[in-house]
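Read the figures in this text as sums done on the coordinates, not as results from a lab. On a predicted model such as this, the values are computed, not experimentally measured, just so you know. Counting neighbours? That spans all protein chains shown, and the Cβs are built from the backbone with ideal geometry, glycine included.
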Amino acid sequence: MNLKTKLGEIKVVEFSAELVDVGGQSCLLAHVTDITERKHAEEKLLDSEDKFRTLFNSASDAIFIHDLKGHFFEVNQAACDRLGYSREEILEMSPGDIDTPDQAAQVQGRIEETIRFGHKIFESAQIRRDGTVIPVEMNARLIDYKGNKAILAVARDITERKRAEDALRESDQFNREIISNAKEGIIVYDRTFRYKVWNRYMEDLTGISASQAIGKTAFELFPHLIERGIDHLLGRALDGEIVTSVDTPYLVPNSGKSGWVVGTYGPHRDANGFIIGVIGIVHDITERKQAGDALRKSEEKYRHLAENVTDVIWTTGMDLKFTYISPSNERMTGFSNEEAMALTLEKILTPSSLEITTRILAEELEIEKMPQKDLSRSRTFEAEEICKDGHKIWVEIKTAFLRNHEGQPIGIQGISRDISERKRMEEELFRSHCELERRVKERTEELARKNAEMERFIYTVSHDLRTPLISVSGFLGLIKQDAEESDLKRLDIDLRIAGEAIIKMDRLLQDTLELSRIGRIINPPEDVPFGKIVEDALSQTREKIKSKRVKITVAMDLPTVHVDRMRIAEVLVNLIENSIKYMGSQDRPEIEIGRRIEGNKNVFFVRDNGTGIDPSQHDKVFELFYKIDNNSDGTGVGLAIVKRIIEVHGGHMWIESELGKGCTVAFTLPQATSNQCLS
């Protein structure tokens, strides 16, 4: 009840009365207690409890209050909504009833730890009415509740955090797998350049396992990296730059394995953006370096080949403008590379060769339109090029299309080879072939002629030998008869006639033997002045010349010849004797021995002023056993022998004469190596 004090203050008092016996008299004993402060305290408590209740029920986290044995005293609305139970239902439960079995088994232990330490945070899992499991983070604290010890437990739903953690774990695992299975080296350094990450690629590349590398500095494993300046690159990356190394050789000291790498380095930052190390990506370029070295060597060989080969290597675009010409072109055509690159085909090829080249290109472009074609085909043809100085050369050109990766022609590549010498040889071979055919024809004709001569020879020999034999045979009977009759005068005549027949037969046999020797040079050819041979012949015919009073004239500029001296002297003797024989009634017989020059040949001759020979007989006089005058001495073999001797020496012989105007027998002989004249 409220009482008002003398000063006007309102006091809240608690009044109580009881009936007591005082001296046998019942009295009312009243107690009045000032409870103003208590009331004020109770009012504040009620106000605090209202606020607590408001906060308790409005919290988004589930809040549970239970005693030290696990009986719930209180639970907020969030807990009811989350679990799907009413407040009354939950107050009938214990923590073990709303936890998953594995978590329920740990409830008593966690209560004891909370009592011991006054506070405990742990993760658990609760089961909703519908059986759904909710992961929660429990924050338990020991409190006084209504005068008793109790535990206040706040349960925060961490479903999203768990999902994020799972996703993060999956992401971490994914990243680890990416790093582990990456086809390039991935390494992470701390700020002291010690390895924190060393993936499988780096293990395969260097032969060093992750356990051997992690915790070591880069320069402990690879001391030579300092020489390559990698320490400065890592320092720049630690300062925030992204840097790339030059091609760097590596060497694993223990295994001796070596190769080439290139690395890209950048800063490694934490969640707050602070640089905590360096991330490096390492590419193994050993194969690329080896391929590059092989390519450079190949290009060097190709360039060396192109620069030193005698053939000309060239390329053009599809517009036929040159894109490359090897240096050998200058040696072949006289045009420098700059001059040649500016030339068109019209300036390089002769009109006929340009026509051939254009036709071949058109044919090849038509083939390109076909669905089925040989992309590696080439064409080879011959063309005539015009050199810088205007002279022409023959070249053999081998061409093929340059193609892109789709097989489409994008240019032409060719190799030109100077075949002028080959063409000259082919022409010479053709001329030689023609000459051979001509000679074969001549030899065939000569063979036919010789066969005819042989037939005449056989006929003549058989006839001329038979005639004296018949005479001898006939006169032997007459001689016998003359002897029996002792007719010495007739015996003498018959013996003389028989002897003449034998002499004639002997002469015929001698000429036949001489003819068989023609074709064989008796002595080896030698360089001898033709004047000396003339002297030999004149010496052998001196008596006949003297007896016929023949004037002999010999030229003074006779050259040296390369002949069988004895055989050529025999030729001259025969010609001189023939000239003397056929002088006819010439009062002043003359024979001239000389030479004249026709082209590059010396033509020797024996000329007389005798009866001469009709032109129709010029060739016949060289036939075997042919005689212009059948009554003349001899067998008709002399000029045939002479002509054979000249031909064996590689020369020719012919007659220059008209009837009644003297006769000239001309012939050629091989010259000596040093052509000296007899003065």
### Task
Could you state the orientation-averaged shadow area of the convex hull built on the Cα atoms of segment 164-290, in nm² to one decimal?
8.1 nm²
#### Entry: Restricting segment 85-137 to trypsin sites (Lys or Arg not before Pro) in coil, as DSSP defines it, with at most 14 other Cβ within 10 Å
R128, R129
### Query
Which percent of Cα-Cα pairs in segment 520-668 sits in each 5 Å bin, short to long?
2, 9, 19, 24, 22, 15, 7, 2, 0
### Task
List every residue whose amide H lies under 5 Å from the amide H of D34, counting only residues 5 or more places away in sequence or on a different chain, with H placed 1.01 Å from N in the peptide plane.
E14
### Message
With the alpha-carbon atoms as the only input, what is the per residue convex hull volume for segment 59-157 in Å³?
### Response
85 Å³
#### Entry: Cα→Cβ-extended label distance, 7 Å offset, between L168 and D557, nm
12.3 nm
### Query
On full extension of the chain, what length is gained from K216 through S352, given 0.36 nm per residue of separation minus the C-alpha to C-alpha distance?
41.1 nm
### Query
Can you run phi through the Karplus equation (6.51, -1.76, 1.60; θ = phi - 60°) for segment 186-192 and list ³J(HN,Hα) in whole Hz, with x for Gly and Pro?
10, 9, 10, 10, 7, 5, 9
### Task
Describe numerically, in nm with one decimal, the distance between label points set 7 Å from Cα along Cα→Cβ at D487 and at W654.
5.8 nm
### Query
Mean projection of the alpha-carbon convex hull of segment 223-373 over all orientations, in nm²?
18.2 nm²
### Query
For E590, which sequence-distant residues (separation of 5 or more, or a different chain) have an amide H within less than 5 Å of its own amide H, given hydrogens modelled in the peptide plane?
K551, N609
### Task
Quickly work out the S585-to-E396 label distance, labels modelled 7 Å from Cα along the C-beta direction, and quote it in nm with one decimal.
7.5 nm
#### Entry: Entries of K532/K661; K551/K661; K321/K423; K196/K289; K532/K601 with Cα pairs more than 22 Å apart
K532/K661; K321/K423; K196/K289
### Query
What does the convex hull of the Cα atoms of segment 309-418 come to per residue, in Å³, rounded to a whole number?
96 Å³
### Task
Give the long-range amide H neighbours of L402: residues separated by 5 or more places, or on another chain, with amide H under 5 Å away, using H modelled in the peptide plane at 1.01 Å from N.
I410, G411, I412, Q413
